[in-house]
Amino acid sequence: MNIAEYKGVFVFAEQREGEIQRVSLELIGKGREIAEKLGETVTAVILGNNIKDKTNTLIHYGADKVLYVDDPALDIYMTEPYAKALAQVINSEKPEIFLIGATTIGRDLAPRVSARIHTGLTADCTGLDIDEESKNLLMTRPAFGGNIMATIVCGDHRPQMSTVRPGVMPLFEKDENREGVVEEVKVKFSKEDRNVEILEVVKEVKQKINIEEANVLVSGGRGIGDPERFEILKQLADSLEGQVSASRAVVDAGWIDRDHQVGQTGKTVRPDLYVACGISGAIQHLAGMEESGFIVAINKDAGAPIFEVADVGIVGDLNKVIPLLVEELAAA
Ligand code: FAD
């Protein structure tokens with residue numbers, strides 16, 4: 001493999017029912033930063049059926065070029081046709097770096113693609129940078145239960161490929177006047193590419209919680225003492241126009257649904273305001289929220305590690321502090 005032939009930063013632009021996933025836009029922004037360090041460009045690759053009209057959004061968020069594969073075989077996500085299309089694009093375009101969001105689709109797709117194109121994959125990264133000397137991509141991800149952060153470099157293979165957690169990278173500022181190049185790529189699909197037939201798609205009926213997109217999160221931990229106590233957190237969240245989230249301890253206890261979990265094995269969030277209530281601040285929890293804009297911690301233990309990342313710390317019983325905050329906010 002002549003790695004000098006591989007150029008540019010490519011991002012898989014994941015769409016579901018035509019809606020581009022936020023993590024893909026975050027990665028285009030990060031891709032810009034990396035591409036500028038390498039003196040290269042950013043290309044977004046979008047796959048689907050009737051998706052040409054989505055290509056401009058990718059340019060507005062920072063892509064220089066968009067490659068799209070538009071085919072009925074790509075209508076609903078399926079591993080085989082998506083892996084085939086991406087592998088074809090990578091084999092012909094030879095990107096130096098290829099980034100995919102670590103969503104359920106990305107986590108399924110990325111290993112298949114990396115195996116087809118014979119390169120490595122660093123999964124579930126929380127940080128990306130360029131090594132100034134070697135110009136290699138430094139891919140950072142938590143390891144050993146979050147106790148160490150491992151930085152991984154791809155050896156002699158290209159592209160350097162990674163999946164990145166949603167919510168870790170900031171969005172590039174949208175500019176509707178940005179211009180770029182849009183090109184269609186044709187991929188031939190056969191019956192063998194569709195070895196699964198989708199008979200019916202059943203949508204989850206429960207209300208969708210998307211804590212990754214909330215501007216304000218009021219998060220509850222074991223210190224709330226009782227699942228009923230989420231009600232006072234909800235009151236605080238409502239007064240701040242935010243949502244409720246949680247630590248893993250309370251999710252594991254069955255006090256709240258897993259969709260709400262923040263942390264290494266939950267979601268990575270970066271709201272403008274994160275209020276941690278009765279959360280000790282274990283490293284696995286911090287991994288999911290320490291990039292929040294402003295952190296308020298309420299904990300009765302002044303030595304709790306959450307105070308080390310908090311901008312404002314309130315040492316006290318949350319059962320007293322939260323109602324007072326709600327009262328003050330109502331009066332404001
Ligand atoms: P605790 O650690 O029990 O803390 C409760 C806190 O509440 C204490 O600090 C206490 O002082 C305070 N408190 C008690 N009563 C009150 C009161 N009345 N008023 C105010 N404060 C009070 N955890 C996550 O959150 N997310 C993850 O994604 C995650 N992934 C993990 C992955 C692995 C591989 C492992 C090993 C662990 C993971 N964990 C994760 C678990 C993590 O290590 C902690 O066990 C967990 O975060 C603790 O949750 P907690 O802070 O709610 O509970």
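The values are calculated or read from the model by the stated rules, or taken from the named source; none is laboratory data. This one's a predicted model, so the numbers in the text were calculated from it and none came from an experiment. Positions of Cβ are backbone-derived with ideal geometry, glycine not excepted, and every protein chain shown enters the neighbour counts.
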(Q) Checking the conditions here, which among Val113, Val153 is among the aliphatic types (A, V, I, L, M), loosely packed, with under 15 Cβ neighbours inside 10 Å and either modelled with pLDDT of 95 or more or closer than 20 Å to Asp64 by Cα (or both)? (A) Val153
Q) Identify, please: which residue in region 221-278 is of a type in the set (Ser, Thr, Tyr) and within 28 Å of Cys125 (Cβ to Cβ) and is, among those, farthest from the ligand (Cβ to nearest atom)? A) Tyr274
Q. Taking Ser219, is it assigned to a strand (DSSP E or B), among the polar types (S, T, N, Q) and closer than 27 Å to Phe144 by Cα?
A. yes
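For region 87-99, does any single residue satisfy the condition of being outside any strand (DSSP E or B) and over 23 Å from Gly8 (Cβ atoms)?
no
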Q. Taking region 178-204 as the search range and keeping residues that are among the aliphatic types (A, V, I, L, M) and in a loop (DSSP other than H, G, I, E, B), which one is nearest to Tyr68 (Cα to Cα)?
A. Val185
Q. What single numbered condition from (1) of a type in the set (D, E, K, R); (2) under 20 Å from the mean Cα position of the chain (by Cα); (3) part of a strand (DSSP E or B) fails to hold for Glu212?
A. (3)
Q) In region 1-59, how many are modelled with pLDDT under 95 and aliphatic (A, V, I, L, M)? A) 4
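For every residue, the table says whether it meets (1) within 16 Å of the ligand (Cβ to nearest atom); (2) of a type outside the set (S, T, N, Q).
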site	(1), (2)
Val69	no, yes
Lys84	no, yes
Ala110	no, yes
Val113	no, yes
Ile117	no, yes
Thr122	no, no
Ser134	no, no
Ala143	yes, yes
Q: For residues that are touching a residue at least 24 places away in the same chain (Cβ under 8 Å) and either in contact with a Phe, Trp or Tyr (Cβ under 7 Å, 6 or more places away or on another chain) or of a type in the set (Lys, Arg) (or both), scanning just region 282-298, find the one that is farthest from the ligand (Cβ to nearest atom).
A: Ser292
Q: Pick out the one residue from Val262, Val275 that is modelled with pLDDT of 95 or more, under 20 Å from Gly316 (Cα atoms) and aliphatic (A, V, I, L, M).
A: Val275
